[in-house]
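Visitor: Please read through the structure below; I'll follow up with questions.
The values are calculated or read from the model by the stated rules, or taken from the named source; none is laboratory data. All values reported here derive from a predicted model rather than from experimental measurement. Counting neighbours? That spans all protein chains shown, and the Cβs are built from the backbone with ideal geometry, glycine included. With ligands, DNA and RNA removed, areas are computed over all heavy atoms of the protein, side chains included. Shrake-Rupley method; radii C 1.70, N 1.55, O 1.52, S 1.80 Å.
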Amino acid sequence: MRDEVDKIVIITVGCKVNQAESEELALRLAEEGYRVTRDMEGAALCVVNTCAVTSEGEHKSRKAVSKAMRAGVPVIATGCSVRTDPGSLQAARGLQLVPNTDKDRLASIIAERGLKTGPGDMGNDVLRTRAVIKVQDGCDRGCAYCIVPRARGRSRSLPRDQIEAAVDRAVRRGAAELVLTGVNLGDYGRESGSSLSRLIHEMTARPDIGRVRLSSLEIDHVRGELLEEVACNPKVCKHLHLPLQSGDDRILEAMRRPYAAQEVMEVVSRLRQAVPEIAVTVDIMVGFPGEGEAEFSNTLRVIEELQPAKMHVFQYSPRPGTKAAGLAVQVDAAEKKERARRSRNLGLLLQQRFVKAQVGTRTEVAILEARYGEGAVGLTGNYVRVLLEPCKQELTAGLANVYIKGTRGCLALGDMDN
Ligand code: SF4
């Protein structure tokens, strides 16, 4: 029976919003009787959710499409590249392009293909402790390097019933941690008089929801009710991810980011006063046009003062049609690479320091992977990956209490708290 049901492969490139959309599609397809798998062998269809935020994201997207095509698998390409650079995904036999505006209709577009369905499943190769839930899309800002507003349109909140349906589907599948995401997450509720803090408050009141994590949040949204909800709500993970991008005020201004480095320090220090154990993780972009050694050093200095628990480093890549793409003083590729290397080294050092500081604490982890008798991997509320020793009881999806007894590089070592 299983072999008669057609296999669908979903490949996701890029951000958490893409990830949430792909997860949601996979859950819907499974519930409609398709077999969703990662194995391309004999697949009847491959959906590639593309990314255009960097040239690397575009390259990975094209590569995924051509790999599936070479395997003789029909492909639906959707996502940001379809909007920003359809030419690079030139329509070929077996390739269908579906823009972001039609992404919500993907399940019915696939249904039109008449693939064979049965008792759908998603393959139970991974525990579904965490689910990424999209609550907002688009952005009204105009950061100079960013193509996302062009790819995803104006800022808008998803209808509450759609969010609840996605949460119900995830919880039915065993999700204990929900990661709320959006292109500009803090904008949620702006057009309806609601707010992200109210959404979190109401969502965490549900007894079947273990905890909620926020994906990336613009720095000027970290205040008021939202800060209070993060600080005081025990079901909100003590972790905030902030897209800092640079620590130099001249570069931040050229990027059209709505804050100066000092303001970020103040926001983070307020956050740490309110939640001492909080993990602040950041994005850094190196090599923005006009960034010299002095500006880059300012970024490293701010990072050392901020002490982030983890850092994602991106190399600036000019995006067609963005304001920064036309700027004169572009940084050469070798220099960008070198700055990325130096930033990552610093980030690693700071991450290891943060993980070390967790030793001797008891904390709640979301079990991500578990192999009977081989232990498991979990994630703490403050974003530390924990290696759990094999223990007598079988580990299943969900939240577990753990004692942190040591570290191994950026990993914490933990014991299940019996
Ligand atoms: S806030 Fe800026 S970087 Fe983020 S999606 Fe909007 S325009 Fe892009």
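Visitor: Ignoring trypsin sites (Lys or Arg not before Pro) that are buried or in helix or strand per DSSP, and keeping those with at most 13 other beta carbon atoms within 10 Å, what is the longest stretch of the chain between them?
Guide: For trypsin sites (Lys or Arg not before Pro) (loop position, at most 13 other Cβ atoms within 10 Å), the longest site-free span of the chain is 224-391.
Visitor: Let me ask something else. Taking H placed 1.01 Å from N in the peptide plane, check which residues at least 5 places from M285 or on another chain put their amide H under 5 Å from its amide H.
Guide: Q245, S246, F314
Visitor: Taking K238 as the anchor, which lysines have their alpha carbon closer than 21 Å to its alpha carbon, excluding any fewer than eight residues away along the same chain?
Guide: K16, K134, K310, K356, K405
Visitor: Report for the chain the percent antiparallel among DSSP-assigned beta bridges with both residues inside it, nearest 5.
Guide: In the chain, DSSP labels about 35 percent of beta bridges as antiparallel.
Visitor: 222 nm [θ] for the chain, helices only, -39500 (n - 2.57) per DSSP H run of 4+, per residue, to 500? Each step should come with its number before you reach the end.
Guide: On the way: 12 runs with 137 residues, N = 418.
For the chain, the value works out to -10000 deg cm²/dmol.
Visitor: Using the Cα gyration tensor of region 130-356, with a ≥ b ≥ c the square roots of its eigenvalues, what is the shape: rounded (a/c below 1.5), prolate (a/b larger than b/c) or oblate (neither)?
Guide: Prolate, because a/c is 1.5 or more and a/b exceeds b/c.
Visitor: Within the chain, which is the longest segment containing none of the GluC sites (Glu not before Pro) that sit in a DSSP loop and have at most 15 other Cβ atoms within 10 Å?
Guide: Formally, the longest exposed-site-free interval is 113-276.
Visitor: What chymotrypsin sites (Phe, Trp or Tyr not before Pro) in region 283-324 are in a loop by DSSP, with at most 16 other Cβ atoms within 10 Å of the Cβ? If you can, show how the numbers build up before the last one.
Guide: Numbers: sites: F296, F314, Y316; in loops: Y316.
Hits after loop and neighbour filter: nothing returned.
Visitor: With +1 on each Lys and Arg Cβ and -1 on each Asp and Glu Cβ, and nothing else charged, work out how big the dipole of region 130-356 is about its Cα centre, in Debye to the nearest 20.
Guide: Computed about the Cα centre, the dipole is about 760 debye.
Visitor: In square angstrom, rounded to the nearest 10, how much accessible surface does D208 have for a 1.4 Å probe?
Guide: Using a 1.4 Å probe on the heavy atoms, I get roughly 70 Å².
Visitor: Using amide H atoms built 1.01 Å from N in the peptide plane, name the residues 5+ places from V48, or on other chains, whose amide H lies under 5 Å from its own.
Guide: Here the answer is I11, I76, A77, T78, since their amide H atoms fall under 5 Å of that of V48.
Visitor: Remind me, what semi-axes does the chain give for its equivalent ellipsoid, largest first in whole Å, using sqrt of 5 times each Cα gyration tensor eigenvalue?
Guide: Square roots of five times the eigenvalues give 33, 29, 21 Å.
Visitor: Can you return the aspartates and glutamates within cross-link range of K67? Criterion is Cα-Cα under 18 Å, with same-chain partners fewer than 8 residues away left out.
Guide: D39, E41, E56, E58
Visitor: For region 130-204 and region 258-320, compute the distance between their C-alpha centroids and round to whole Å.
Guide: 24
Visitor: Restricting the count to DSSP beta bridges whose residues both fall in region 2-122, what percent are antiparallel, rounded to a multiple of 5?
Guide: Beta bridges within region 2-122, antiparallel portion: roughly 0 percent.
Visitor: Dipole of region 6-124, Cα-centred, from +1 at each Lys and Arg C-beta and -1 at each Asp and Glu C-beta, to the nearest 20 debye?
Guide: 380
Visitor: Another question, if that's okay. Quick one: work out the % antiparallel among DSSP beta bridges in region 130-356, nearest 5. Let's see the in-between values first.
Guide: Details: 2 of 24 bridges.
Of all bridge pairs located within region 130-356, approximately 10 percent are antiparallel.
Visitor: Using alpha carbons only, how many angstrom separate the centre of region 28-47 from the centre of region 208-228?
Guide: Computed from Cα coordinates, the inter-centre distance equals 34 Å.
Visitor: In debye, nearest 20: dipole of the chain around its Cα centre with unit charges on the Cβ of K, R (+) and D, E (-)?
Guide: Using only the charged Cβ atoms, the result is roughly 580 debye.
Visitor: Using a Cα-Cα cut-off of under 21 Å, which lysines could be cross-linked to K116, ignoring same-chain neighbours fewer than 8 residues away?
Guide: Here the lysines satisfying the reach criterion relative to K116 are K7.
Visitor: Ignoring ligands and nucleic acids, what accessible area does V9 show with a 1.4 Å probe (Å², nearest 10)?
Guide: The accessible area comes out at roughly 0 Å².
Visitor: Is the C-alpha gyration tensor of region 3-100 telling us rounded, prolate or oblate? Criteria: a/c under 1.5 is rounded; beyond that, a/b larger than b/c is prolate, otherwise oblate.
Guide: Oblate is the answer for region 3-100, as a/c is 1.5 or above yet b/c matches or exceeds a/b.
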